[in-house]
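Take a look at the structure below.
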Amino acid sequence: MTTRRCVVTGMGLVVMASAGTAQERAVQMGTKTSYAGYAVATELVMPIDDQAKAGKTFEKAFDDLASMAEAEGFTLLGQAQIVMQSLTPPADGRMPLQLQLVIIEQPTEEDLKAEPGFKIVKLQGQKVAYTYHKGALDQIQMAMFGLVTWVTGNQIQIVGAPWIIIHFTPEGDEPQVAEIQMPVK
């Protein structure tokens, strides 16, 4: 069974849960420093109203980017990030995104100047509040709501859009585990 990690950055989620339910779903909360390093990246557009189509779009983009990166000699860490360009869902139901696959190597100047069909981006480590969600991804907004409630209840200042690291198998086996991280001061 192949396991991949996926990170979705942004608030493109609709929160429709009570604080009590969200707290029940949140496994652990706290603050820590997020991962810093490098990633290979490509642009894509995801349908936000059709989860099955979005999943297929992500899988194809992931496989294509992974193949290109490995062909260029990069080693994938096993963590993917989807960075949203906007916190507001678009009216046409299509979200422009950047897919990033974290790599182990530190790129050379030559790597940074090359144009192999993808970009190389630097990931900045930063202080984040975090929590975990176990279960169906269509219920992750409850854990997101719980984290926002915990952060505001502890008078911690939010300084950016959250991202979600999703641990999943391509076959969609349940349960799934996701870590939600939110930049804080």
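The values are calculated or read from the model by the stated rules, or taken from the named source; none is laboratory data. Remember, it's a predicted structure, so these values are computed and weren't measured experimentally. Methodologically, a virtual Cβ is constructed for each residue, glycine included, from the backbone with ideal geometry; neighbour enumeration extends over all protein chains shown.
Write out, first by first residue and then by second, each pair whose Cβ atoms fall under 9 Å of each other, whose residues are 6+ apart or on separate chains, and whose first residue, in the stretch 41-57, is closer than 21 Å to residue 79 by Cβ while the second is small (Gly, Ala, Ser) and part of a helix (DSSP H, G or I).
Close Cβ pairs satisfying both conditions: 42/61; 44/61; 46/54; 46/61.
Kindly check whether there is at least one residue in the stretch 36-55 that is outside any helix (DSSP H, G or I), closer than 21 Å to residue 142 by Cα and at pLDDT below 75.
Scanning the stretch 36-55 turns up no residue that is outside any helix (DSSP H, G or I), closer than 21 Å to residue 142 by Cα and at pLDDT below 75.
Looking at (1) at pLDDT 75 or above; (2) within 30 Å of residue 158 (Cα to Cα), which one does residue 5 not meet, given that it meets all the others?
For residue 5, the exception is condition (1).
Can you give me the ranges of the strands (runs of 3 or more DSSP E) entirely in the stretch 106-184 with at least 2 residues that are modelled with pLDDT of 85 or more and charged (D, E, K, R)?
Counting at least 2 such residues, we get 119-123.
Can you tell me which residues in the stretch 60-95 are surrounded by fewer than 13 Cβ atoms within 10 Å (Cβ to Cβ) and at pLDDT 80 or above?
Scanning the stretch 60-95 gives 60, 63, 67, 71, 73, 75, 91, 92, 93.
Which residues, taken from the stretch 26-48, are within 21 Å of residue 145 (Cβ to Cβ) and loosely packed, with under 14 Cβ neighbours inside 10 Å?
27, 28, 30, 32
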